[in-house]
Amino acid sequence: MDIRNLKAFIVLAETLNYHKASQILHISQPALTKKVNALEAEFGALLFSRGPGGTRLTDFGQKTFENAQKLLGHFEQFQIQVNHDLQDDAPHYLYVSSCFPIYDSGKMEERIFLGRKEKAVLVLITGLTFEQQMNLLNSGLLHIAIVPLPLTSSLMPRKIFTEKLVYLFKKGSDWLRHFTALSAEMASLYQLIDMDENDIPIDFTDGINAFSIYDNSMNLMLKTNDIMVMIELIIKRNGFSLVPEKVIRSIPSQYLDLLEVLKTDMEIDFGILWSPVIDYELINETELLSSLIDNV
């Protein structure tokens, strides 16, 4: 039985008027007649009597009308349930951001979603400024942000972890001879909140949320969120940068062969922030990912 024919029958039975029923169904009257005739042929009995007094339901038509309403109600409930199940089966997107690529995205996706029943898609974003991350977190468009500490935000870190800092130089450069002076200068810079000579706080948050590249006079050449731009400036302009150690694994091997990586005793703390607006379906994934971030 074609459910569309049954719907046409119900509308005609409710209106007892072919013109009105065809308007409601957005079909022509001949098309409506064809649907009703198809049902009558399938049942082997008339559903309507047609005469000078208009269209009337036969006794069989009246009984069928009542049963058809019940059947259509069940069918509509079935459709609602199917749509609900499809929505439940649709993937949920978990948006995670960090100012630096300090995690192995492939391992993270494997660890968090391997063998899990929930369909969740991990979307990893790098290069956002602190302000952009906070705005997206508060609006619910971003679920997790990995930010350097301390921070000026009403959101409290769900977890804190520490990263070692390393220098990146061009291989063969003479930066190693200035290592002591360089370390003192950079250690001062990487205090996120420092004081100038007038005891006025200076906020260096932007400096740690981006790759800062310096020339051989320790003058800032550029702050960028693009790791490839940083690498090009180091190699072609003999610059250097101080970055979290885990950033190294995001550098393509052909470029890494041209760089000198020098470990330091300096460290930086990162905090894992959650959006105050996270869908219930993503809570488990958010908790699991937060526990994995500093281990992958």
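Would you check which residues across region 38-49 are within 17 Å of residue 7 (Cβ to Cβ) and surrounded by 13 or more Cβ atoms within 10 Å (Cβ to Cβ) and list them?
38, 39, 40, 43, 47, 48
Kindly evaluate residue 94 against the criterion of being in contact with a helix residue (DSSP H, G or I) (Cβ under 6 Å, 6 or more places away or on another chain), over 30 Å from residue 12 (Cα atoms) and at pLDDT 70 or above.
Considered against the rule, which asks whether it is in contact with a helix residue (DSSP H, G or I) (Cβ under 6 Å, 6 or more places away or on another chain), over 30 Å from residue 12 (Cα atoms) and at pLDDT 70 or above, residue 94 comes out as yes.
Somewhere in region 5-14, is a residue over 18 Å from residue 70 (Cα atoms) and over 48 Å from the mean Cα position of the chain (by Cα)?
no
Considering 241, 290, which residue is in contact (Cβ under 8 Å) with a residue 12 or more places away in the chain, assigned to a helix (DSSP H, G or I) and either more than 24 Å from residue 129 (Cα to Cα) or in the same structural domain as residue 162 (by TED's automatic domain parsing) (or both)?
290
Going by the structure shown, is residue 231 in contact (Cβ under 8 Å) with a residue 12 or more places away in the chain, surrounded by 20 or more Cβ atoms within 10 Å (Cβ to Cβ) and assigned to a strand (DSSP E or B)?
So residue 231 fails the test.
Rundown of residues vs (1) over 18 Å from residue 216 (Cα atoms); (2) among the acidic types (Asp, Glu), yes/no style:
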residue: 240; (1), (2): no, no
residue: 251; (1), (2): yes, no
residue: 255; (1), (2): yes, no
residue: 270; (1), (2): yes, no
residue: 274; (1), (2): yes, no
residue: 279; (1), (2): yes, yes
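Output the residue which, of all residues in region 118-160 that are in a loop (DSSP other than H, G, I, E, B) and modelled with pLDDT of 80 or more, is nearest to residue 283 (Cα to Cα).
So the residue we want is 143.
So which residues in region 55-83 are modelled with pLDDT of 85 or more and more than 16 Å from residue 13 (Cα to Cα)?
Within region 55-83, none qualify.
For every residue, the table says whether it meets (1) modelled with pLDDT of 85 or more; (2) over 29 Å from residue 155 (Cβ atoms); (3) surrounded by fewer than 20 Cβ atoms within 10 Å (Cβ to Cβ); (4) within 24 Å of the chain's Cα centre (by Cα).
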{"position": "219", "(1), (2), (3), (4)": "no, yes, yes, no"}
{"position": "238", "(1), (2), (3), (4)": "yes, yes, yes, no"}
{"position": "244", "(1), (2), (3), (4)": "yes, no, no, no"}
{"position": "256", "(1), (2), (3), (4)": "yes, yes, yes, no"}
{"position": "274", "(1), (2), (3), (4)": "yes, no, no, yes"}
{"position": "288", "(1), (2), (3), (4)": "no, no, yes, yes"}
{"position": "295", "(1), (2), (3), (4)": "no, no, yes, yes"}
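Got a sec? Which of 52, 30 is loosely packed, with under 14 Cβ neighbours inside 10 Å, over 30 Å from residue 275 (Cβ atoms) and at pLDDT 90 or above?
Answer to the check: 30.
The values are calculated or read from the model by the stated rules, or taken from the named source; none is laboratory data. Bear in mind the structure is a predicted one, so any value in this text is a computation, not a measurement. So basically every Cβ, Gly included, is an ideal-geometry build from the backbone, and we count neighbours across all protein chains shown.
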